[in-house]
Each structure stands twice: as C-alpha cells, then as structure tokens.
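The values are calculated or read from the model by the stated rules, or taken from the named source; none is laboratory data. The shown structure was predicted, so the numbers you read here are calculated from the model rather than taken from an experiment. Positions of Cβ are generated from backbone atoms using ideal geometry, with glycine treated the same way; all protein chains shown enter the neighbour counts. These accessible areas exclude ligands, DNA and RNA; they are computed on the full protein's heavy atoms, side chains included. Shrake-Rupley method; radii C 1.70, N 1.55, O 1.52, S 1.80 Å.
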Amino acid sequence: MIKKIVILILVTGCIISCRPKKDYIITDEYANKELGALKNPNSKHVYNKVLSEEDRAYFAKTLNVAPAEITNEKLYNFIRSWEGTVYVYGGETRQGIDCSALIRELYVYVYNTKLPRTADEMSTDPRMELFKSPDNLREGDLVFFRISDEKIISHVGIYLRNNKFFAANQYGGVEIVSLKKAYWKKNFIAAGRFQQ
C-alpha cells in the first residue's frame, strides 16, 4: 500500500512539474523564426533563382530527358521546393496543401497567372482550352481527373514531360507521378491549356 502511495506521489509530481509553464521567453533566433512562420503560414516563400546542377540531373532522370531539356528553372525550383509536402484537403500552406491550391500557387509564381481556387473551376475557366488526348500535352498544361463519385472534376496537376505530372495527391502528398499508372489513366478526364 505504501509502495503504491509513493509511486502515485512520484507520478503526480512528474506530471505537475512536466507541464509547460504559461509564461516563457524564446531567446533562440531560429526558434523565433520558426514560430513566426507558424503564426503566418501564408507568408510568401522565397524560391531559388537558379536550378542547381544536382536538381537539374534529378529532374532529367525523373522525367527521362537530357539535363539540357530542363529549361524552365522557375517551374522546377518551385517543384523541388514543394516536393514532399503533405496533402491536406483545403490546405494552402507548407504544413499541408491540396491539389488546386498547389497548382494555383505554381501558376502565380511560374506563369504570373491567377487561377480559380478549385480544380472544377479551373477546368471551366473561359481562358482554358480543354482537350482530351494526352498525346497533345506539353509542359505547363493542366491535367484533370475525377477521383470522387461527384460528377465534377475533383483533381488537378501540371504536366511536365514523358507522361509525368506534378500534383498534391491524397496518398503520396506533393510528388511527380506517371499518367500511365492505372489509377491515373482510369480517372483522367481532360487536359487543359491556359490561353495567355
């Protein structure tokens, strides 16, 4: 019995002393910077201006092209910067983003073009020229999918090269994937090109 009381006192004391104090001061400059980013997750990200040779080689290998063919440095620096971010439905930040928010951010940064917020709205934008055949795709075109039971376009990505596209996917997060995969082939609806 006494042993149980001693253990209870030790555990209770640890719980009380381990609780964070309400008043604290962050003095570490790095921690302050990180805390600022969390307070303002929509703060604009600064992208690299020049694509490193290492990144150029990475994209060339991923897309099965020669390194000299990776010419749109803004696009590929954007992609490299966002790869690995988790998918969050409705998300618009580095802590989590959805497909249309990612493509919208990409188009503003890379092409200086503001897009509607959802994949379905993007597909019906009057500036959008839709086409069905994936054979006509070129870098920068959007690819649209229906991945829900709704009768609307529910997913969007941006075409790169050799049947590869970049998107924020529910399983896998922000990544480059192949249009040839059975899942994407089955759910592909159309491609689109914005008329500048």
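Observations
- Residue that is surrounded by the fewest Cβ atoms within 10 Å (Cβ to Cβ) [pool: residues in segment 128-152 that are modelled with pLDDT of 95 or more and in a loop (DSSP other than H, G, I, E, B)]: Arg138
- Taking the conditions (1) open to solvent by 90 Å² or more (accessible area, probe 1.4 Å); (2) modelled with pLDDT of 95 or more in turn, Ile7 satisfies each one other than (2).
- Subset of segment 106-125 (residues that are crowded, with 18+ Cβ neighbours inside 10 Å and either among the charged types (D, E, K, R) or assigned to a helix (DSSP H, G or I) (or both)): Leu106, Tyr107, Val110, Ala119, Asp120, Met122, Ser123
- Selected residue (criterion: farthest from Glu121 (Cα to Cα)) from residues of segment 154-196 that are open to solvent by 20 Å² or more (accessible area, probe 1.4 Å) and of a type in the set (A, V, I, L, M): Ala182
- Residue in segment 70-78 that is closer than 29 Å to Glu150 by Cβ and open to solvent by 60 Å² or more (accessible area, probe 1.4 Å) present: no
- Taking every residue in segment 164-186 that is on the phi > 0 side of the Ramachandran plot and pairing it with any residue that is surrounded by 13 or more Cβ atoms within 10 Å (Cβ to Cβ), at least 6 positions away or on another chain, the pairs with Cβ-Cβ distances below 9 Å are Gly172/Tyr87; Gly173/Glu83; Gly173/Thr85; Gly173/Val86; Gly173/Tyr87; Gly173/Gly96; Gly173/Ile97.
- Segment 61-91, subset of a type in the set (A, V, I, L, M) and more than 21 Å from Gly173 (Cα to Cα), residue nearest to the chain's Cα centre (by Cα): Ile70
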